[in-house]
1. Which one of Asn144, Asn151, Asn197 is free of Cβ contacts under 8 Å to residues at least 24 places away in the same chain, more than 16 Å from ligand 1 (Cβ to nearest atom) and surrounded by 16 or more Cβ atoms within 10 Å (Cβ to Cβ)?
2. Name the single residue that is nearest to ligand 3 (Cβ to nearest atom) among those in the range 75-89 being within 16 Å of Val128 (Cβ to Cβ) and either in contact with a Ser or Thr (Cβ under 8 Å, 6 or more places away or on another chain) or without any contact (Cβ under 8 Å) to a residue 12 or more places away in the chain (or both).
3. If you take the residues of the range 35-55 that are in contact with a strand residue (DSSP E or B) (Cβ under 7 Å, 6 or more places away or on another chain) and among the hydrophobic types (A, V, I, L, M, F, W, C), which of them is farthest from Arg18 (Cα to Cα)?
4. Limited to the range 133-175, what total is found for residues that are assigned to a helix (DSSP H, G or I) and away from ligand 3 (no atom under 16 Å from the Cβ)?
5. Which helices (runs of 4 or more DSSP H) sit wholly inside the range 22-114 and have at least 2 residues that are more than 16 Å from ligand 1 (Cβ to nearest atom) and under 22 Å from the mean Cα position of the chain (by Cα)?
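Just so it is clear, none of the values below were taken in a lab; they were calculated from the coordinates. Every value quoted in this text rests on a predicted model; they were computed, and no experiment measured them. All Cβ positions, glycine included, derive from the backbone under ideal geometry; neighbour counts span all protein chains shown.
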Amino acid sequence: MEEVCQKVAAANSRTYVRLSNGLRNLTGMEGYEALLKLSHKSFRYARTEEEHQSIIDDFNIPEENIVYCADAFDGFKCICGKKHIYHLNIFEWQNENEENLIIGSKCIQTLAVYDKLNEEYPDLYNKVKEWAEIIKEETKKLNNNKCVSCNDYTVRKNYEYRQPQRKHWCKKCCYGDFVKCISCGKFRKYGYSHYHNKPLLECPQCYFSQSPPSPS
Ligand SMILES: [Zn+2]
Ligand SMILES: [Zn+2]
Ligand SMILES: [Zn+2]
């Protein structure tokens, strides 16, 4: 067990050292000082050539952060030097060129569990924790759809649920055959409108109370 812990700690310190060196080369500041000066601007995916290009169009990224390849799209480079970063975070870094830096999500998540960082640079540790929290939330949005009732991103995308209602309602808002009405929050039996070709989101009371009054 201890050996495993040591391995994790070593990996974390390696991430920190690599990031520090990368930032020092680029900014001339000590790694932790440079990290403290960064503010999280955006969370993006660069899995396709279009996503890659849109990041280049939207942000001024320093050359050191971009990987170019002769034959195909190749992604970005984390400021720590690791290549092929698709799951990334853009940070504002105020230099004279107003460039933005890219750091991979993995590196931030690794730093967020690096205890030494907490001992040595508590303000930085708190900041990194906040960034890790942003990554967690944004990743949830990428992999999940919103539950139609509570609006939480908890319904898995591209997943074959056995019950059709689970494709729209989360576990909390679905109970056997019953689903939560999106207006009043009461559970009612799941129904599907074949006419509109979509699930009925409201209970009959809510649905009919909103329909226009019938002509007299
Ligand atoms: Zn990295
Ligand atoms: Zn829900
Ligand atoms: Zn209702």
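1. It is Asn144.
2. Asn89
3. Ile55
4. Selection size over the range 133-175: 16.
5. 31-37, 49-58
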